[in-house]
Amino acid sequence: MTRLASVYPLVTTRALARPFTYEVPDGVEQGAVVEVRLGGARQRGGVVETGVEAPAGIATAAVGRTVDLIPPALVELALWIADYYGSTPGRALALVAPLKRARRAEKPPPGARESLAGEPPPERLSPEQERAVEQIVSGLDTGRGGNLLLYGATGSGKTEVYLRACEAALERGLGAIVLVPEIALTPQALGRFRARFGDRVALLHSGLSEAERRDERERVAQGEARVVVGARSAIFAPVRGLGLVCVDEEHDPSYKQDSDPRYDARTVAAKRAALEGAVAVYGSATPRPESWERLERIELGGRLGGSLPPVRIVDLRREAGYPLSAPLLAELDVVAQRRGKAILLLNRRGVAPALHCRACGRTRRCGQCDVALVLHADGRLRCHHCGYSEPAPPLCPDCGSPELARLGAGTQRLERELEARLPELERIRLDADAVARPGAAAEILGRFAATERAVLLGTQMVAKGHHFSGVDLAAVVDADTGLGLPDFRAEERTFQLLTQLAGRSGRDAPGRVLVQTFQPDARPIELAARHDVPRFLAGELERRRALGYPPFRHLVRIVVAGPSPEEPLQALRELRDALGDADVLGPAPLLRLRGRHRAQLVAKTAEPRRLAKRAAQLLAAASPAMRRAGLTVVVDVDPQAV
Ligand SMILES: [Zn+2]
Ligand SMILES: [Zn+2]
């Protein structure tokens, strides 16, 4: 009697997004990754079910050897992701069963290279920390799992709670996954996990070489490493007997994947925890409105051994100096005299965000994308969307005038101004340009930790989870940058950024925070200055309820791109009409990207899966015509930016 199994080929083609029936030997069960022949080519395939019947009239073939084994819960998880995010089982299974390479010779795990020495464990926990750990552990003991929001100011000791919860999971023979948004920016946190758990920690993130990732996964699969620390894709680590998932800085948008399958690691964490009876803990000083409304909350309270720093708002409408106003210069001067440290945030890379002609009024733009080119210190204009670059022209290319003005300021200009005004402060820049090389981020942060009289200046990266003692001043150079974005999360993001940066200073010393803005009365700025998280979230939830935004409804975003402006709009109009009574915004044109004209529809719905499925069916029916017109389409469930 031949055993038959349903196998999904791990290919990206949508046309092959269905199960195929193969003969499998005994011992091959759900979760096996096997070699299969498909249309003459050799592919990998994921076994999702055994003991199935062959469709009538189909001659079945036998599978080849088994190349990998995935925990069955991850197979279930992948099928759910394919369905919820409108992807294919093959693509989703490829997330949980990445391609394996040949094993390397013994090499040390990459954790040592990527971590900085962590702080030693505290002698004892605060009563709030004790209570938090107890609550998580009782979830481990009942085996019923659950989702908890761990809410506490920066410095309130969330990492220690994760560490204790991981210890408790290990004591019970369970594994743990700890997600962090950008691991390269949190080398100290990694150091604390390594100090506590040694080689039982595996590290998984995109900054590792492929061979390193493969070795780390192997250590996890074999049970050698029971605690996985990593970026969003670590949620797919082959941990068996998963008891605990911690999602640190749960508000961070980098948990969303921006290519198909467009999964959100926070949503996937909740699903995986539910499938395995694990406890999921979401930690943040500035939780998402979604989590605040939905999750059971554990409050850690304020920071340990101190209060949050006072925040001073500098009204740029009354100040002449930009990017360095007189109050900011005065504060930096104090830092220099005291041989202290400061952190400056300016959420724009480069020297100047735009080169503007005073004579004809034109701004130099990317020929492929509808955005201004950014001037960089190497004298080139660069497009931050597509990477195009050209030498900065000495004269206006449109009218020949030499009157080219540099509008605004970027991190590189800030660096120059600091050099001119406060040469005694060492400038250490942290932005995407500075960390292009692997390992550069840990190096930069290590240098800042070790240097007296230093300024760490950079984009939102400087506000991420790293901690330094003795930061006297944290300043936001331009708090308005994010507020102008046409996104319903613009206020939430601005509030989070300011509050997170404010939490960076004065962890050990009394720090100061300074916020430069043209809109001192804007709600997120005013409430961030008072560290009033509950009030901000209450207002935000009220607004979202009125407008039907998450968490009250889900969003599904559909973007069509094509060679001309009109066709994407027309395709979306037809789609909108076919979707019928759904609550749909648009179509609205978007910025051109890499020469492609784009437009989007945004649907608000209580049933995202149903709507996405309906849209996918309509788009599939229209796909031959769309292909002829050169149109491409993306369906994004629970998008991060709308
Ligand atoms: Zn001109
Ligand atoms: Zn471009």
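The values are calculated or read from the model by the stated rules, or taken from the named source; none is laboratory data. Note that the coordinates shown come from a computational prediction; the quantities given were computed from them, not determined experimentally. Positions of Cβ are backbone-derived with ideal geometry, glycine not excepted, and every protein chain shown enters the neighbour counts. Each accessible area value is taken on the protein alone, full model and side chains, heavy atoms only, with ligands, DNA and RNA left out. Shrake-Rupley method; radii C 1.70, N 1.55, O 1.52, S 1.80 Å.
Does residue 546 satisfy the condition of being more than 23 Å from residue 183 (Cα to Cα), over 25 Å from the mean Cα position of the chain (by Cα), part of a helix (DSSP H, G or I) and not acidic (Asp, Glu)? So residue 546 fits the description; yes. Looking across the range 363-378, the residues that are among the hydrophobic types (A, V, I, L, M, F, W, C), open to solvent by less than 50 Å² (accessible area, probe 1.4 Å) and over 11 Å from residue 591 (Cα atoms) come down to 366, 372, 373, 374, 375. Assess whether residue 437 counts as being open to solvent by 60 Å² or more (accessible area, probe 1.4 Å), under 24 Å from residue 205 (Cβ atoms) and either modelled with pLDDT of 85 or more or within 16 Å of ligand 2 (Cβ to nearest atom) (or both). Taking the combined requirement at face value, the residue does not satisfy it.
For every residue, the table says whether it meets (1) modelled with pLDDT of 95 or more; (2) crowded, with 23+ Cβ neighbours inside 10 Å; (3) within 26 Å of residue 98 (Cα to Cα).
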residue	(1), (2), (3)
158	no, yes, no
164	yes, no, no
218	no, no, yes
244	yes, yes, yes
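Report yes if some residue within the range 229-236 is in a loop (DSSP other than H, G, I, E, B) and open to solvent by 30 Å² or more (accessible area, probe 1.4 Å); otherwise report no. The answer is no, given that none of the residues of the range 229-236 is in a loop (DSSP other than H, G, I, E, B) and open to solvent by 30 Å² or more (accessible area, probe 1.4 Å). Would you mind stating whether residue 407 is within 16 Å of ligand 1 (Cβ to nearest atom), under 27 Å from residue 321 (Cβ atoms) and open to solvent by less than 10 Å² (accessible area, probe 1.4 Å)? So residue 407 does not fit the description; no. Among the residues of the range 341-386, those identified as closer than 30 Å to residue 503 by Cβ, within 16 Å of ligand 2 (Cβ to nearest atom) and at pLDDT below 80 are 349, 350, 353. The numbered conditions (1) surrounded by fewer than 20 Cβ atoms within 10 Å (Cβ to Cβ); (2) within 14 Å of ligand 1 (Cβ to nearest atom); (3) over 19 Å from residue 477 (Cα atoms) are all true for residue 390 except (2). Within the range 338-355, the set of residues being within 16 Å of ligand 1 (Cβ to nearest atom) and open to solvent by 50 Å² or more (accessible area, probe 1.4 Å) is empty. Is the range 575-594 home to any residue that is of a type in the set (Gly, Ala, Ser), open to solvent by less than 60 Å² (accessible area, probe 1.4 Å), assigned to a helix (DSSP H, G or I) and over 20 Å from residue 256 (Cβ atoms)? Looking for residues that are of a type in the set (Gly, Ala, Ser), open to solvent by less than 60 Å² (accessible area, probe 1.4 Å), assigned to a helix (DSSP H, G or I) and over 20 Å from residue 256 (Cβ atoms), one finds at least one in the range 575-594, hence yes. Out of the residues in the range 259-308 that are under 17 Å from the mean Cα position of the chain (by Cα), of a type in the set (S, T, N, Q) and surrounded by fewer than 21 Cβ atoms within 10 Å (Cβ to Cβ), state the one that is farthest from residue 81 (Cα to Cα). Taking the candidates together, the pick is 259. Of all the criteria given as (1) open to solvent by 20 Å² or more (accessible area, probe 1.4 Å); (2) polar (S, T, N, Q); (3) within 30 Å of residue 502 (Cα to Cα), the one not satisfied by residue 459 is (1).
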